[in-house]
Amino acid sequence: MSAALLAFALASLLIELTPGPNMAYLAILAADRGRVAGLAAVAGVALGLAGLGLLAVFGLGTLVLEQPWLYQILRWTGVAYLLYLAWEAWRNSRMPIDALDPSEGARRFFLRGLITNLLNPKAALFYFTVMPGFLSTATTREALLFGTVYVVVATLVHAGVVLLAGTVQPLLTVPARRQVMGAVFATLLIGVAGWVAYSTAL
């Protein structure tokens, strides 16, 4: 099993290094609101990944794939949420930083990371279709171990993305720059939403 686990960890790393909804959202958030907000969202994403992993381990993933309407609800709700985040990025960029609600804090960004990932069809498809190919047995213990490895690998990659993207945040405190970058961030999120809709079609 050790060889399969190592191969799975490598596959997880390669998949997470491929740009996707999580990476795009976290990079944009950290660049706009800083590392603390980004890392709070990383924690939410990690919990979301763990939740999806548990659903896959206990068989709900098969149910989703066998019922196309359930999968389509997950898929399009995720796309809609990304579009909402795009609109909010544009709106917030038109507001002075000190006018933003200070109560947003880490909790809000944690919840957003959680919701974004629970509605991420790319992550769901990974658990439901890719991970089973690496399992040598059908035991719950082995599946939980592999799921844990994926969450750890993904979290390390996401944290690295946030730390890098957060370095540009101090440059975006000037109102004119915030407005330009807000439009850029909104456009990128719309692009991610379109990519998710296209790439997750079954």
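The values are calculated or read from the model by the stated rules, or taken from the named source; none is laboratory data. What you see is a predicted model, and the numbers here were worked out from it, not measured in a lab. Each accessible area value is taken on the protein alone, full model and side chains, heavy atoms only, with ligands, DNA and RNA left out. Shrake-Rupley method; radii C 1.70, N 1.55, O 1.52, S 1.80 Å.
Brief remarks follow.
- Each residue of the stretch 4-17 was assigned a 3J(HN,Hα) from its phi angle through the Karplus curve 6.51 cos²θ - 1.76 cosθ + 1.60 (θ = phi - 60°); the sequence is 5, 5, 5, 5, 5, 4, 5, 4, 4, 4, 5, 5, 6, 7 Hz, with glycine and proline shown as x.
- Here the extension length gained between Thr139 and Thr187 equals 12.9 nm, from 0.36 nm per residue of separation less the Cα-Cα distance.
- For Trp76, the solvent-accessible surface with a 1.4 Å probe is about 130 Å², rounded to the nearest 10.
- Given a 1.4 Å probe and the protein chains as shown, Glu142 ends up with an accessible area of around 10 Å².
- A simple rule links phi to the HN-Hα coupling: the Karplus curve 6.51 cos²θ - 1.76 cosθ + 1.60 with θ = phi - 60°, which for the stretch 44-55 gives x, 4, 4, 5, x, 4, 4, x, 5, x, 5, 4 Hz, with x for Gly and Pro.
- Accessible area of Met181 in the full protein assembly, 1.4 Å probe (Å², nearest 10): 60 Å²
- Under 5 Å between amide hydrogens, built in the peptide plane, is the criterion, and for Gly34 it picks out nothing among residues at least 5 positions away or on other chains.
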